[in-house]
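Enquirer: Before I ask anything, let me first share the structure, which is written out below as structure tokens.
The values are calculated or read from the model by the stated rules, or taken from the named source; none is laboratory data. Quick caveat: nothing in here was measured; it's all calculated off a predicted structure. Every residue, glycine among them, receives a Cβ derived from its backbone with ideal geometry; neighbour counts consider all protein chains shown.
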């Protein structure tokens, strides 16, 4: 049994849904674990992770539109506004999505579905540098 830990860093644009599948896949393949489980953890309260279709760019656009309609950036709706109108909405969007993913690994590769990719969702109105913690347990 092996346990590998790592960290990747991503520069995000404002309110971006950024595909990070390639970077995560490269880290997994470099680790040399044949089968196991990969966990991804994003230690942020205003960004999140998602596995979703990665072929049509319209999916990302529709997801972003939906989240903006679901959680509007209107300061009068929230008490927590210390960092601006996007502050509490970013926390709510993160709470509605997820900050941790578990992905099976087989034959040294992530077992994502044909149309699936891993995405980092930046919910803030400003670009950020986001950290992604990775743990791969297997043999």
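Enquirer: Could you tell me which numbered condition residue 89 fails, if it satisfies all but one of (1) touching a residue at least 60 places away in the same chain (Cβ under 8 Å); (2) crowded, with 19+ Cβ neighbours inside 10 Å?
Expert: (1)
Enquirer: Follow-up question, since we're still on this one. Among the strands (runs of 3 or more DSSP E) lying completely within segment 92-139, list those that include at least 2 residues that are in contact with a helix residue (DSSP H, G or I) (Cβ under 7 Å, 6 or more places away or on another chain), in contact (Cβ under 8 Å) with a residue 60 or more places away in the chain and within 27 Å of residue 68 (Cβ to Cβ).
Expert: 116-122
Enquirer: Scan segment 21-52 for residues that are touching a strand residue (DSSP E or B) at 6+ places or on another chain (Cβ under 7 Å) and over 13 Å from residue 136 (Cα atoms) and jot them down.
Expert: The answer is 21, 23, 42, 43, 44, 47, 48, 49, 50, 51, 52.
Enquirer: Next question. Would you check if there is a residue in segment 62-70 being under 28 Å from residue 134 (Cβ atoms), touching a residue at least 40 places away in the same chain (Cβ under 8 Å) and not in a helix (DSSP H, G or I)?
Expert: no
Enquirer: Based on this model, can you work out whether residue 4 counts as surrounded by 17 or more Cβ atoms within 10 Å (Cβ to Cβ), more than 22 Å from residue 128 (Cα to Cα), at pLDDT 95 or above and in contact with a strand residue (DSSP E or B) (Cβ under 7 Å, 6 or more places away or on another chain)?
Expert: yes
Enquirer: While we're looking at this one, here's another question. Name the single residue that is nearest to residue 122 (Cα to Cα) among those in segment 46-61 being assigned to a loop (DSSP other than H, G, I, E, B) and in contact (Cβ under 8 Å) with a residue 40 or more places away in the chain.
Expert: The extreme case among them is 46.
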